[in-house]
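Notes for the one structure printed next.
The values are calculated or read from the model by the stated rules, or taken from the named source; none is laboratory data. Note that this is a predicted model, so its numbers are computed, not measured. Virtual Cβ from ideal backbone geometry, glycine too; neighbours counted across all protein chains shown.
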Amino acid sequence: MKKKTANSKSSAHKKGTASFKEHSGWWGDGPVFVFLYSKKTKKAITNGTAKEILQFIEDSEHVLHESEALRIIRIDNEYSHPVLFVDTGKEAGLDFLDHLRMAAYRLAKWAENNSVKTLMIPPLVDDSEKKRDAILQGLCHASYAFDKYKSKKHKKADIEYLFADDMEIDGRSLQAMFSGIDLAKNLINEPGGYLTPTIVANIAQGIAQKYGLAIRVRRSKELEKDGYNGILTVGRGSQNEPAMLTLSYRPKYKNPSHLALVGKGITFDTGGICLKPQDKMYEMKSDMSGAAIVLATIQVVAELKLPIEVDAILCLAENRPGENAMLPGDIFKAKNGKTIMVENTDAEGRLVLIDGLMEAATLGATHVIDIATLTGAIQRALGTSIGGLFSNSEGLALTIAEAGAESGEKWWRMPLDEEYAEDLKDKVADIRNITDGGPGAISAALFLKEFVDKNLEWAHLDIAGVAFSAKGYKYTEHGATAFGLKTLVETVKRYSVDETRVRG
């Protein structure tokens, strides 16, 4: 077997000390053989000796330990190294590749908790690049921990993963993706009192310099001069100045597609004058998830040198009830001339996004995708595992859905029924930012559509239900999930190689 290290850094929590002491000496300092199987179907995922040993699982005399939570089994055998069986079908509702990611994630967590130094993974049955990549992603997901504010840092584990000789690994793409995931998660997990629009701008400028991206930072004066009054209106109640950042990636070789990505970046959302309830308000530090994800996406795109033009537009503001805060009933004019009545100051995300959408139209993009923690209604509709997808383009919507399925991120296409747009009409302005009840997520998407250039193919991704998890979600124990990042990167990849998608 050939040594290939999938992920040598880890800062995961050491939760399994007691378990390690109980079983001390069973695995020792040598490598542990790992076999993946499906307990439900009783089929081996890894081949070779796995098929021969699988029969022992049903024989209780050979089972020394089984953890129901991890579905890891250890058995007596004639080999010199211990053998672990990891069930790839524990979680319900996932496809096969995501089952592999989760199995690898649980395996890596177990290894870290039990001070295992080396894991040996044999070839897979019907081996494929997608299967290998899924396993490697799961292993890498296990390495993340946000312990910046812990007085006692967690000791990083150094686990060596040994794969079969024929197991090719695209380390460059894997490293680029997980650098982006770490960036997005770290930004989203930061407290709102620290991560102001200015701090985000400083971080983005550092990324732009490192990867050769053009960047334009518009602050209050420039926003007012250019007619971007949505960000200004939302941010005027805070002492932290709002901003709109435009990062541009222009490769030497490119195809006719040009994608613009727009991210909602409310660095903290109190609700403004329409104050939110205090219960779990701390989670509103994640209201800039969209901006973090588009920033991370363009970093990954630049690091991989994809042959396609991409812009990332970050709409940054802090929504606070200060002395100059926007009031319910205030009216402002958008860049396209439409007047907007602010009926609810807690429906602020759509107000900053419209500036980003109109900025995208000035950049020559063929497609624009916005991503935002926009509505509680989408969480009530789709829960905490599925994101909402709205689009005026069948081709773009299909590409995003396929990219999500490839990446282990689920999206559900939602309607953009114009019948509901009538409820957005206002008595004293052209349009208001909320409606009287009704389908809140659809109404928000229809509001955004009013500010999308009619020549652009557009998609809106509502991630309010999936961006942040207090109880844990798949490969996230707590906090930011970076949901949507893999989908956006895969979407950009597909447009970068397929010219037929230009006017999908």
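Every residue, every condition in (1) of a type in the set (Asp, Glu); (2) within 19 Å of the chain's Cα centre (by Cα); (3) surrounded by fewer than 22 Cβ atoms within 10 Å (Cβ to Cβ); (4) farther than 18 Å from PHE178 by Cα, yes or no:
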site: LEU97; (1), (2), (3), (4): no, yes, yes, no
site: LEU100; (1), (2), (3), (4): no, yes, no, no
site: LYS109; (1), (2), (3), (4): no, no, no, no
site: VAL116; (1), (2), (3), (4): no, no, no, yes
site: ILE121; (1), (2), (3), (4): no, no, no, yes
site: VAL125; (1), (2), (3), (4): no, no, yes, yes
site: GLU129; (1), (2), (3), (4): yes, no, yes, no
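Looking across ALA325, ALA381, ALA360, ALA372, one residue alone is closer than 20 Å to LEU223 by Cβ, in contact with a helix residue (DSSP H, G or I) (Cβ under 8 Å, 6 or more places away or on another chain) and at pLDDT 95 or above. It is ALA372. Among the residues of the stretch 446-489, those identified as modelled with pLDDT of 95 or more, out of contact with any helix residue (DSSP H, G or I) (no Cβ under 7 Å at 6 or more places or on another chain) and in a loop (DSSP other than H, G, I, E, B) are GLU450, VAL466, THR481, PHE483. Scoring LYS252 on the criteria (1) within 26 Å of the chain's Cα centre (by Cα); (2) at pLDDT below 95; (3) over 21 Å from VAL368 (Cβ atoms) leaves a single failure, condition (1). The requirement of being under 21 Å from the mean Cα position of the chain (by Cα), of a type outside the set (A, V, I, L, M, F, W, C) and surrounded by fewer than 22 Cβ atoms within 10 Å (Cβ to Cβ) is not satisfied by SER151. For the stretch 220-248, taking the residues that are of a type in the set (A, V, I, L, M) and under 24 Å from the mean Cα position of the chain (by Cα), the one that is farthest from MET326 (Cα to Cα) is identified as LEU247. Look at (1) surrounded by 21 or more Cβ atoms within 10 Å (Cβ to Cβ); (2) within 17 Å of TYR495 (Cβ to Cβ) and you find that PHE390 fails only one, number (2).
Number of residues in the stretch 90-143 that are within 14 Å of ALA157 (Cα to Cα), part of a loop (DSSP other than H, G, I, E, B) and among the hydrophobic types (A, V, I, L, M, F, W, C): the value is 2. Checked against the criterion of being over 17 Å from GLU318 (Cα atoms), of a type outside the set (D, E, K, R), touching a helix residue (DSSP H, G or I) at 6+ places or on another chain (Cβ under 7 Å) and surrounded by fewer than 24 Cβ atoms within 10 Å (Cβ to Cβ), the stretch 226-240 contains not a single residue that satisfies it.
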